[in-house]
Amino acid sequence: MLIWKKHLILLIILIIAACSTNTRMTRKIGQPGIETISRQYLGVPYRYGGMTRRGMDCSGLICKIFRDYNNSRLPHQVSRLIKLGRPRILSQISKGDLIFFKEPGNRTVTHVGLYLGDMKFIHASKSHGVTISSLKSRYYRKRYNCARAILH
């Protein structure tokens, strides 16, 4: 009986620890919105693996925005970011949702951006650095894969 209680206590501790992971989306009242925070990185050059103002890639930009927004620690890989949150259909996306892209004919998602509203998103482009693009553009319409909501 005592061993059973110890296992139950250990299970409860593990559940509590899992619920308090670093991807919890909380923030203080009065802080700037996610759109304001993300726009401060406009013009930062593209750098593969980067996550600083000297250069950042698409997942590094997302990590930096969420760290600034609510002190979240998100994974710095598109393949891991796509597993967070809950799926959203394109007609239901809202500000702060992550949107994912892949090359036509490719199964692997390779690019992520942050939805800003009005069919616009911010992302780190290899050719333009951190920029705002439109989901209405033919280029991104063809490459759009899915969206995920990770903010509460």
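Each reported figure results from applying straightforward, stated rules to the coordinates on display, with no laboratory input. Bear in mind that the values here come from a model prediction, so they are computed numbers and not experimental data. FYI the Cβ positions are ideal-geometry reconstructions off the backbone, even for glycines, and counts take in every protein chain you see.
Structure notes:
- In this rough spin-label picture, where each label sits 7 Å from Cα along the Cβ direction, the residue 84-residue 48 distance is 2.3 nm.
- Backbone phi angles across segment 40-48, fed through the Karplus curve with coefficients 6.51, -1.76 and 1.60 (θ = phi - 60°), yield HN-Hα couplings of 5, 9, 4, x, 5, x, 6, 8, 4 Hz in residue order; Gly and Pro are listed as x.
- Among the listed pairs 102/142; 64/95; 95/142; 120/142, those with a Cα-Cα distance over 18 Å are 95/142.
- The order of the peptides 91-97, 48-54 by mean Cβ neighbours within 10 Å, most packed first, is 91-97, 48-54.
- Residues with amide H under 5 Å from that of residue 111, placed H, sequence gap 5 or more: 101
- Sorted ascending by nearby beta carbons within 10 Å, beginning with the fewest, 35, 103 become 103, 35.
- Taking amide H as placed 1.01 Å from N in the peptide plane, the amide H of residue 47 sits under 5 Å from that of 56, 57, each at least 5 places away or on another chain.
- All aspartates and glutamates inside 18 Å of residue 126 as judged from Cα atoms, apart from same-chain residues fewer than 8 positions distant: 57, 103
- 110, 36 arranged by Cβ crowding within 10 Å, fewest neighbours leading: 36, 110
- Whole-Hz Karplus values for segment 121-127 come out as 9, 9, 7, 9, 8, 4, 8 Hz, taken residue by residue from phi with 6.51 cos²θ - 1.76 cosθ + 1.60 and θ = phi - 60°; glycine and proline positions read x.
- The translational diffusion coefficient of segment 39-152, from Stokes-Einstein at 25 °C and 0.890 mPa s with a Kirkwood hydrodynamic radius over alpha carbon pairs, comes to 177 µm²/s.
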